[in-house]
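Chemist: Have a look at the structure that comes next, please.
What follows is calculated from the coordinates using simple rules that are stated; it is not laboratory data. Bear in mind the structure is a predicted one, so any value in this text is a computation, not a measurement. Virtual Cβ from ideal backbone geometry, glycine too; neighbours counted across all protein chains shown.
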Amino acid sequence: MALKIIGKFTGKSRLLSAPLAALLAGSALSLAAGPAFAEGKTLDVAIIGEADTFDPMMSTKDVVSIVTQHFVETLYTFDGGWNIAPLLATELPEISDDGLTYKIGIREGVTFHDGSSMDAKDVVASLDRWLKVATRGKGVADKVASVETTGDYEVTITMKEPYSPLLSLLAFSNSAAAVYPEEIIADTIETVVGTGPYKIAEHMPDQHLQLVRFEDYASRDEAPDGAAGKREQLADEIRFIPVPDPNTRVEGLLSGQFDFADGLPAESYKRLEENETADPLLLKPFGWPIFAVNHKDGLLTDKNIRLAVQAALPIDDMLFAAFGDDNFFITDGPLYPEGWAWRTEAGVELFNQNDQARAGELLKEAGYDGTPLRILTSRQYEFHFKMAEVAKMALESAGFKVQMDVVDWATLGQRRDDPAVWDIYITHSPFLPEPALTSLYDKSSRLGWSNPEKDKILDAFTSETDIAKRKELFAELQKQVFEDVGFIKIGAFNALQGTRKGLEGVPASPWPFFWNAQVQ
């Protein structure tokens, strides 16, 4: 059954944004000089599965971020160099000398999809909810003294202590500090109302999510730069189509069915490169696969058993099975790649031990009784499943009994919230410009990783503003990841996406977006 989402009137005055330049009618625009672009086109985007929520506060899934950023916006965003840039805020905040007060101007003339106008009250209500219900918001909530309106279009955030990653958190589209009308704020929001350039027209689960232009969208005026700057609605519609099978995504792109496809297998690179219909889009370096460890319940609450898992894993073999081509992966232990400010070798001697005998000794020390180690994974990211298969063999060689629970990505997203049903779940993350954006470090995350030393280091890291001191603290934090097995990094990899030939305006990004996109 199709779900048609229609905005409701909330009683606020309606403010119209400046009109965009009208597009010419017809299926294609022909000019005497310069390129021709498809007119009024629907962009079909193949994604790895269904977004299980349209409320980005409630999810850290990439597929949710990819979809929702088109209709829900935040105060800040990231430009092409991963610098923080204003979006719904007028400019970067005025921060007090002690780092405790953030005065944020709010843009006037911004309209929600329900026709109401955005003001400071909407922002405060939204941030209060974010601090209460969002994974990343809850991680910082105990450091926030207050969020208040200090003018019709001004908000002031007061901190209990300096918190250096705050603006990065407010800019991130993942577990996002999204801005909604205050009238719809509740623990659960059934119908999401945003300010973005597109709005939801129709959702047919497992078939498509149809977005159409929001005609009253108020764009920024700056030149586009990453996700910052002007957002033009060049396509009439964007359809996000869940395609769980990666090979089906490839074939659909090659046949011209899709304009863009995300999460493609490495072995399809040459086919895309040689094809006349599509082009490969390689994100290099992209990120790191992760074996997320359950510290709340089950086998891995025992440190020796965690150490045994870490000792047993053959990282090289897992990465080769996952990607098959060493152009797509690197067996690299540090949590950040070469050239990044956060790069450190602390603790990496415990990476890629591939020592099943040592793992067996650790299991004996722990008194392991044969309880199955439950690995939760999905085939929608095929490389997750391939890594799990190799890991299973190595862990069984070390003496573990392993239970593989293979589910679709949406189900994995639900099950990982219940610590009683898994010991490891497999995920991945892009390399993020601010380490604190990785929620796995925080004791409030679904992993529940906490020990007094790590918690003390993390608190110091997020309170420190001096970059040199922050680098030293991050080295200590990385050492804790290995020594306490907070989670397990499985090397690093490049990611492959694909585009229809002639698609322009879609910069390489872990979270691709399609405002400013058009097909030549």
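Chemist: Sequence-distant or interchain residues sharing an amide H contact under 5 Å with residue 46, placed H: which?
Modeler: 241, 259, 260, 261, 262
Chemist: Further, regarding this structure: Treat each spin label as a single point 7 Å out from the Cα along the C-beta direction, and report the residue 274 to residue 443 distance in nm.
Modeler: 5.6 nm
Chemist: Also, quick follow-up: Longer than 22 Å from Cα to Cα, which of 143/469; 103/454; 303/364; 364/392 are they? Say none if no pair is.
Modeler: Beyond 22 Å: 103/454.
Chemist: When a/c reaches 1.5 or more, the comparison of a/b and b/c decides; with that in mind, is the chain rounded, prolate or oblate per its Cα gyration tensor?
Modeler: oblate
Chemist: Considering Cα pairs under 8 angstrom that are at least six residues apart, work out the relative contact order of region 286-494 and quote it in whole percent.
Modeler: Relative contact order of region 286-494: 38 percent.
Chemist: Taking a cut-off of 29 Å between Cα atoms, list the lysines near residue 501, but don't count ones fewer than 8 places away on the same chain.
Modeler: Residue 501 reaches 41, 61, 199, 230, 270, 284.
Chemist: Counting only C-alpha contacts under 8 Å and six or more residues apart, can you give the relative contact order of the chain as a whole percent?
Modeler: It comes to 20 percent, rounded to a whole number.
Chemist: Turning to a different aspect of this structure: Cut-off under 15 Å on the C-alpha distance; same-chain residues fewer than 8 positions from residue 160 excluded. Which aspartates and glutamates are left, in chain and number order?
Modeler: 97, 98, 142, 148, 459, 464
Chemist: Hey, with R₀ at 41 Å, roughly what FRET efficiency would residue 353 and residue 463 work out to, going by the Cβ-Cβ distance, to 0.05?
Modeler: Efficiency, rounded to the nearest 0.05: 0.75.
Chemist: Still on this model: How much length is gained if the chain between residue 345 and residue 225 is pulled fully straight, taking 0.36 nm per residue apart and subtracting their Cα-Cα distance, in nm to one decimal?
Modeler: 39.9 nm is the gain from fully extending residue 345 to residue 225.
Chemist: Same structure, new question: With contacts defined as alpha carbon pairs under 8 Å and 6 or more residues apart, what's the relative contact order of region 38-236 in percent?
Modeler: Relative CO of region 38-236 lands at 28 percent.
Chemist: So if each residue of separation counts as 0.36 nm, and I subtract the Cα-Cα distance between residue 90 and residue 158, what length gain in nm does that give?
Modeler: Full-extension gain reported as 22.6 nm.
Chemist: With only Lys, Arg, Asp and Glu charged, each at its Cβ (+1 for the first two, -1 for the last two), find how big the charge dipole of the chain is about the Cα centre; round to the nearest 20 debye.
Modeler: Values: 49 positive and 79 negative charges, 93 e Å.
About 440 debye.
Chemist: Would you mind counting up the charge near residue 326? Only other residues with Cβ under 14 Å from its Cβ, with Lys and Arg at +1 and Asp and Glu at -1. Walk me through the numbers on the way to the answer.
Modeler: Numbers: positive: 284; negative: 267, 316, 317, 325, 332.
Computed value for this residue: -4.
Chemist: For each of 375, 290, 185, 467, count neighbouring Cβ atoms within 10 Å of the residue's Cβ, then give the residues from fewest to most.
Modeler: Going from least to most buried by this count: 467, 185, 290, 375.
Chemist: Let me ask you something else. Quick one: if the Förster radius is 56 Å, what FRET efficiency do residue 108 and residue 267 give, using the C-beta to C-beta distance and rounding to 0.05?
Modeler: Calculated value: 0.65.
Chemist: Using the count of nearby Cβ atoms within 10 Å as a rough guide to exposure, how do 258, 286, 385 rank from fewest to most?
Modeler: Values: 258 26, 286 20, 385 17.
Going from least to most buried by this count: 385, 286, 258.
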